[in-house]
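A short write-up of the structure that comes next.
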Amino acid sequence: MTYFWGGMKRLHNTEDRRVLIERMKADSRPRTTLSFYRYVHLDQPERTRAELYEAWSELEVLGRTYVAKEGINAQISMPTERFEEFKAHIEGLGWLPNLRLNVAVEQGKSFFKLIVRVREKIVADGLADGTFDVTDCGKHLKASEFNALTDQEDTILIDMRNAYESEVGHFEGAVCPDVNTFREEIDYVEDMLQDQKDANIVMYCTGGIRCEKASAYLKHKGFQNVHQLEGGIIEYTRQAKVEGLRNKFIGKNFVFDERMAERISDDVIAHCHTCGTPCDTHVNCANPTCNILMIQCDACKEKLAGTCSEACHEFVQLPEEEQKELRKGTKARGGFMTGGKVLPREDRATPRSRQ
């Protein structure tokens, strides 16, 4: 959609979310989901944003992309029949040569609208980038190198994702910090490794972008042997399959789109937050005022109508007008009306708590 604001042509989607979702569901064409990022200096991110939105709309691209003066970070999909055309477009831009496109492990209906936004940073990290060289990152490891190094007993393997991501899947032997933001993760890792600055440290994340920044920061802080998994979990899985390597990732790879996760192994390592039974299906609470992210089994989903708690279940049974009145002035509390992203750990059921 095109509209004018302050005499400037702007590109933005103005259609209703429900219409977009139904359109996505009705389109039977296979789609290719992929992600990519690049730290590159962009003088005019607003102009870059407009150019990408216009071109990608023509290519039927859907998904979420952040553009900043420091570069670009994209999670998108397009009709598979237009994939080669999209790659040609990327190469033709001139500022993304030899770009690695991380094609998703599992395909599906991943996005329903196109969003391209200008941000201060392409990943929110809370770091003062001017204090260190963000390009001086850790050594990139291919899948075979990653397996060899993490097989060594003295190697420290760290999951640089949030706790709700690693809860459903992670690499064997990885340290998985119980944090819910990337900034918390960086602080946690720095403190944890303060006395091990000469150790072999290997970091990984979904597609590699978080490790790019975190590894540069750790090197700036005096850590000597910092490594990162090239292309993250997605590229590792591809390389392991092509080269016949043992895939050391267990469970699901959490993704930030409509699919919620990609199945990497058959292992189910998480549990329903409501009853504690083995389960690794992420959903959002059906109470839109809460919308908290949780893991919920089919039995609890049916019992609670897709909500996270008895409180939310009772709330969604009320007439809509009464719900609107009760929402007024509501503040975050507990697992109800939180507007949060993940159910607090203390509110989750575990196999032990059910005994």
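For the reader, a short list of remarks on this structure follows.
- Of the listed requirements (1) among the polar types (S, T, N, Q); (2) surrounded by 15 or more Cβ atoms within 10 Å (Cβ to Cβ); (3) farther than 22 Å from residue 227 by Cβ, residue 131 misses just one: (2).
- If you go through the range 44-95 and keep only what is part of a loop (DSSP other than H, G, I, E, B) and more than 22 Å from residue 106 (Cα to Cα), you end up with 44, 69, 70, 94, 95.
Listed here are the residues, each with its yes/no results for (1) under 22 Å from residue 158 (Cα atoms); (2) more than 20 Å from the chain's Cα centre (by Cα).
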{"residue": "261", "(1), (2)": "yes, no"}
{"residue": "273", "(1), (2)": "no, yes"}
{"residue": "281", "(1), (2)": "no, no"}
{"residue": "285", "(1), (2)": "no, no"}
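- Matching helices (runs of 4 or more DSSP H) fully within the range 253-355 where at least 1 residues are surrounded by 18 or more Cβ atoms within 10 Å (Cβ to Cβ) and either modelled with pLDDT under 80 or not assigned by TED's automatic domain parsing to the domain that holds residue 35 (or both): 298-303, 310-317
- For the range 50-72, a residue qualifies if it is over 18 Å from residue 32 (Cβ atoms) and either among the basic types (Lys, Arg) or in contact (Cβ under 8 Å) with a residue 12 or more places away in the chain (or both), and the qualifying residues are 50, 53, 54, 66, 67, 68, 69, 70, 71, 72.
- Considering only residues in the range 173-188 that are part of a loop (DSSP other than H, G, I, E, B) and β-branched (Val, Ile, Thr), the one that is surrounded by the fewest Cβ atoms within 10 Å (Cβ to Cβ) turns out to be 181.
- Residue check, residue 57 of a type outside the set (Lys, Arg) and under 15 Å from residue 115 (Cα atoms): yes
- Residues in the range 93-116 that are of a type outside the set (A, V, I, L, M, F, W, C), in contact with a helix residue (DSSP H, G or I) (Cβ under 8 Å, 6 or more places away or on another chain) and either farther than 26 Å from residue 262 by Cα or assigned by TED's automatic domain parsing to the domain that holds residue 242 (or both): 97 alone.
- Matching residues, the range 109-140, being assigned to a loop (DSSP other than H, G, I, E, B), more than 17 Å from the chain's Cα centre (by Cα) and polar (S, T, N, Q): 135
- Selection status of residue 154, of a type in the set (Asp, Glu) and loosely packed, with under 14 Cβ neighbours inside 10 Å: yes
- Restricting the range 142-167 to residues that are outside any helix (DSSP H, G or I) and under 20 Å from residue 269 (Cβ atoms), the residue that is farthest from the chain's Cα centre (by Cα): 157
- Test for residue 106: is it of a type in the set (D, E, K, R), modelled with pLDDT under 95, part of a loop (DSSP other than H, G, I, E, B) and closer than 28 Å to residue 279 by Cα: yes
- Candidate set from the range 189-221 (those that are among the small types (Gly, Ala, Ser) and not in a loop (DSSP other than H, G, I, E, B)); member that is farthest from residue 173 (Cα to Cα): 216
- Within the range 222-238, tally of residues that are surrounded by 19 or more Cβ atoms within 10 Å (Cβ to Cβ), at negative phi and not in a loop (DSSP other than H, G, I, E, B): 9
The values are calculated or read from the model by the stated rules, or taken from the named source; none is laboratory data. Only a predicted model underlies this, so the values are computations on that prediction, with no experimental measurement involved. All Cβ positions, even for glycine, are placed from backbone atoms using ideal geometry, and neighbour counts span all protein chains on display.
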